[in-house]
Structures are given as structure tokens and as C-alpha cells.
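Participant: I'd like to ask you about the structure that follows.
Any read-out appearing in this document is the output of simple, stated calculations on the displayed coordinates, not a laboratory observation. Worth saying up front: this structure is predicted, and the values here are computed from it rather than measured. All Cβ positions, glycine included, derive from the backbone under ideal geometry; neighbour counts span all protein chains shown.
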Amino acid sequence: MTMIELRNVHKRFDELEVLKGIDLTVEKGEVVIIIGASGSGKSTMLRVINNLEPIQAGEVWVKGIPVHDPKRADEVHRCVGMVFQQFNLFPHLTALANVTLALQKVKKIDAEDARRRGLAALERVGLEDKPESYPSELSGGQQQRVAIARALAMEPDVMLFDEATSALDPELVGEVTGVMRQLAQEGMTMLVVTHEMGFARDVGDRVVFIDEGQIAEQGPPAVLFTSPSNPRTQQFLYRVLNR
Amino acid sequence: MGWQGIFDSSGILFTGFVSTLLLSIASIATGTALGLVVGLLRTARVPALRVPLRVYLEVFRGSPLLVQMLFIYFGAAYLGLRAVETFTAALIALTLYEGALISEIIRAGIEAVPRGQREAARSLGLSRIQIERHVILPQTVPIVLPPLVGQYIGLVKDTALATSIGYFELVREGQAIIDRIGMPIEVFMVVAVIYFVICYPMSLVARRLEMRALHA
């Protein structure tokens, strides 16, 4: 079953064209890793899928919802969860309240049930002992795990990860990728923009290389990482793997 | 005579104090409500409201409150509207004027909240109103509180302008005492102290709220 479909998507910021005709299909349960240089458009593509950026041409379908149609675009938030580079936790709310806010306000679940679900979500990311902590009292890795729990609690069909580990100290990356691995094993459909090539190789079903707003090459990680056919891919991989 | 005369007039001063306090509290409430609505609408970037709100802001921010008060009080009479009471005219003028200034404080506070907060909230499916109510405004409070209280303190002193349309507030009552017993220096000193007594606790309350918001 097709979960996400992008057809000839064009996105520009004023004069600068960031996405130059993207076609991409993601099946249910697939883990797609998106790699590319900074400014290549990979984050923009995720943001387009999640209705955070309007597009100028093309179509974006998520589970049958036309995200390119402004009248219906907001429906996408019912089935897509997103995790951001800067966590974007609500600083005035505790970890648990971050997770339960949308359960109560969007899903209209009563406080007690929301609390139960919130604690379960925190347990999934290994933070069942921190429900009353404020974001400022948590490490970066813990904050990002709360952000994942917050998205998971809404029971999304797709999870988008926009450089979820890029803002973390190196020793904290593992705890976040660990949660993401577990999620992939459970069969979650995932789109992951990352620079963690080890994670990409282990967890990805498919790797998509984006170059200057276009998909330059895609394929299984075993193929793309060992014998890329596009010279641009070769160049990019050579640079990131030989840092 | 001497200070005894002022002491004998304390009842009149108290009436003035109450009038000033009433007008201040009423216009803080209405001015904040108006400022909040205008500030929210301006940050929401509703195309149809962009120009009207900007015109409102510039007109009321860019002209003297005294002129606005006279305009509303005498303008209403000139236009043949039912005579507006001095309190009402002063309240309307203060609301429009302070509302314009407060809307800018609110707007600056809302825009100081990182964009990612709104994006995370949208991703969770919260509606626009829910995002403002539960995510943005709570974070705006500690940012806007200090300038907002500064504005309120200014507002209390601005109520003195209502004396120009004949509203019997503190300055006007003080003037009445001077007309009877003289001693302008002493009387105005007492009037100034009474303004200070209203304003200083506001500074203290603001500081307390600010600390609490920071530690929440």
C-alpha cells in the first residue's frame, strides 16, 4: 500500500528553486533514508510532506490526502508525526504535558486516559522516570526522545525525522537512533533525513540521494553505499565517509 | 492653614484617587483586551485586515492622547451623538490609544517565540487558536510582562489628561483644592505621591510575576 506519493513537486523560495521536480513513492512500513549536501532540499522535502511549506507545482499525497490542496492539507497532521532537529519541545510544559497536550486538545481524550497514554509513550522511549521534568532539565538526547514520544502518542501512520540527531552531542546520538531503530523494527513507515551513515546502512530499506533539488539516485543501502552509479553520489559519499 | 488645609481636603483627594484608580483599571482591562486581539490578528497575517489594523495602529500611536480625548468628547457632541460622559470618553480614548501601543508589545512577544514552536504544534494537529492559546501565549507572557507593566504605569499617569475634558480625577481634584486654599506646590506634591503609591506596587507585582514565569 502506498503511504506517500510525490509527483513532480516544485518548491521555490522567491527566486531560489529548492525542489525541481521530485517524484517519490513510499510504501507502508518502508524506512526511507534521505541524504544529500546541506541546501540540497532534503529537509524542505520533508516539510512539504508535512504541510509546513506550500508548493508551487506538483502533487503530494499522504495516505490519500491531497496535501497540495490548501483546503485539505491540514488533514495530513492526523497521520504524520514529525521530529525536528531542534526538538521544539514546549518549554513551559513538563515532558508528560508535552506528550498529552495534543491527545487532550486534538483527540479530545480525557485527562486521565491521556496521562496513561502519555506515560506509555514516554516508556517506549525509555523516559518513564521523567514525566514531571521540564525540557530545560533534560539532556538533548532526552529532549529528543520526549519529542519522539510526543509524536508517537498521536499514533501516526508515518514518522518524519528531520536531522533528529544533528543538534546532539556525539555521545547522545546513540540513545535517539536506538529509539528510531526500535521504531523501524516495529514496522513504522519512516522518512529519515540524516547524516548518520551507519544508521542509514543498518536501518534503511532504501536510500535516496538528493542533489540540487532533484533525486539523483536511489536504491537499497547495500547498493547505493558500495557501488553508486551517479558521479555526484560518489562524490558526496566520498566526502561524508572520509571525514 | 498650612498643611492642615491639605489634611482637611483629604476627602477630596481620596475621591480623586478613586476616580483615577477606576479609570486606570478600566482602561488597563479594555486596552489590554484590544491590544491582545489586534496583536494576535497582526501576527496571524490575515490579508483583509492587514491595512486596516496598520492604519489603526499608526493613527492612534501617532497622535497625542490629549487630542484623541478632546476629539472623542467634543466630536461626539458636535456630531449630534448623545452626549458622552467624561468617564466614557476618557475610557474610549485611553482604550484606543493604549490598545495600539499594547498591540505592538504583544506582537513583539509573539514573534519572539521561535518558529519551531508553531511548527511542532501544527504537526501535532492543533488548530490555530489552540496553538496561540496553549503554546504561544504562555511563552509570550514572561517576555511581554515587563514592557506591559511599564505601559500600564504610563497609562495610570496618562489618565491625568482626562482632566482636560472635565473628568474629576486626581489632578483636577488637586486643582480644586488649590483654587480654594492655594499652596500649589504642597498640593501637587501630595498628588504626585498618590500617583507613586498606585504605580510602585505595580512594579513590585510585575517583578514577582516575571520571576515566577521564568521558573515555571
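Participant: Debye sum, Cα scatterers, the range A:100-187, no solvent: what log₁₀ I/I(0) at q = 0.22 1/Å?
Facilitator: -1.15
Participant: So, in nm, how far is label B:ARG212 from label B:PHE74 when the simple model puts each one 7 Å beyond its Cα toward the Cβ?
Facilitator: Each label point is offset 7 Å from its Cα along the Cβ direction, giving 4.5 nm.
Participant: Kindly state, to the nearest 0.05, the FRET efficiency for B:LEU22 paired with A:SER133, given R0 = 45 Å and r defined as their beta-carbon distance. Working shown, then result.
Facilitator: Values: r = 45 Å, r/R0 = 1.01.
E(calc), rounded to 0.05, equals 0.50.
Participant: What is the mean projected area of the alpha carbon convex hull for chain A, to one decimal in square nanometres? It would help to have the intermediate numbers written out before the result.
Facilitator: Working: hull surface 53.7 nm².
Averaging across all directions leaves 13.4 nm² for the Cα convex hull.
Participant: Same structure again: Using a Gaussian network model on chain A with a 10 Å cutoff between Cα atoms, which of A:PHE13, A:PHE209, A:PHE90 fluctuates the most?
Facilitator: Its mean-square fluctuation being the largest, the pick is A:PHE13.
Participant: Further, regarding this structure: Could you give the C-alpha radius of gyration of the protein assembly as shown expressed as a fraction of 2.2 N^0.38 Å, taking N as the number of residues it contains? Can you show the working numbers first?
Facilitator: Details: Rg = 29.9 Å, N = 459, 2.2 N^0.38 = 22.6 Å.
Dividing the Cα radius of gyration by 2.2 N^0.38 Å gives 1.32.
Participant: Determine, for A:GLU30, A:GLU171, B:GLU111, the number of other Cβ atoms within 10 Å of each Cβ, and report the residues in order from fewest to most. If you can, show how the numbers build up before the last one.
Facilitator: On the way: A:GLU30 20, A:GLU171 9, B:GLU111 15.
Fewest to most other Cβ atoms nearby, the residues stand as A:GLU171, B:GLU111, A:GLU30.
Participant: Nearest 0.05, what FRET efficiency do A:THR226 and B:ARG61 give at R0 = 56 Å with Cβ-Cβ as r? Walk me through the numbers on the way to the answer.
Facilitator: Details: r = 65 Å, r/R0 = 1.17.
Rounded to the nearest 0.05, the efficiency is 0.30.
Participant: Among the lysines, which have Cα under 28 Å from the Cα of A:LYS71 when same-chain residues fewer than 8 positions away are ignored?
Facilitator: Hits, sequence-local ones excluded: A:LYS11, A:LYS20, A:LYS28, A:LYS42, A:LYS63, A:LYS105, A:LYS107, A:LYS108.
Participant: Test of understanding: in a Gaussian network model of chain A with alpha carbons linked when under 10 Å, which of A:LEU19, A:LEU160, A:LEU52 would top the mean-square fluctuation ranking?
Facilitator: Result for chain A, Cα springs under 10 Å: A:LEU52 fluctuates most.
Participant: Kirkwood Rh over Cα pairs of the range B:1-103 into Stokes-Einstein at 10 °C, 1.306 mPa s: D in µm²/s? Please list the in-between numbers first.
Facilitator: Working: Rh = 15.6 Å.
Result for D is 102 µm²/s.
Participant: Decide, for the range A:58-158, between rounded, prolate and oblate: order the square roots of the alpha carbon gyration tensor eigenvalues as a ≥ b ≥ c, take rounded if a/c falls under 1.5, and otherwise choose prolate if a/b is larger than b/c, else oblate. Walk me through the numbers before you get to the answer.
Facilitator: On the way: a/c = 2.39, a/b = 1.71, b/c = 1.40.
Since a/c reaches 1.5 and a/b is larger than b/c, the shape of the range A:58-158 is classed as prolate.
Participant: Determine the calculated [θ] at 222 nm for the protein assembly as shown from helices alone, applying -39500 (n - 2.57) to every DSSP H run no shorter than 4 residues and normalising by the residue count; nearest 500 deg cm²/dmol.
Facilitator: Values: 17 runs with 258 residues, N = 459.
About -18500 deg cm²/dmol.
Participant: Cα centroid distance between the range B:8-23 and the range A:60-127, in Å?
Facilitator: 54
Participant: Wrap a convex hull around the Cα atoms of the range B:164-216, take a quarter of its surface area, and give that in square nanometres.
Facilitator: Numbers: hull surface 19.6 nm².
Taking the Cα atoms of the range B:164-216, their convex hull projects to 4.9 nm² on average.
Participant: Please check: in the Gaussian network model of chain B (C-alpha springs, under 10 Å), which one of B:ILE185, B:ILE165, B:ILE92 has the largest mean-square fluctuation.
Facilitator: B:ILE185
Participant: Also, quick follow-up: Fewest first, what order do B:SER164, A:SER139, B:SER24 take by the number of other Cβ atoms within 10 Å? Could the numbers behind the result be given before it?
Facilitator: On the way: B:SER164 17, A:SER139 13, B:SER24 23.
Ascending number of Cβ neighbours within 10 Å: A:SER139, B:SER164, B:SER24.
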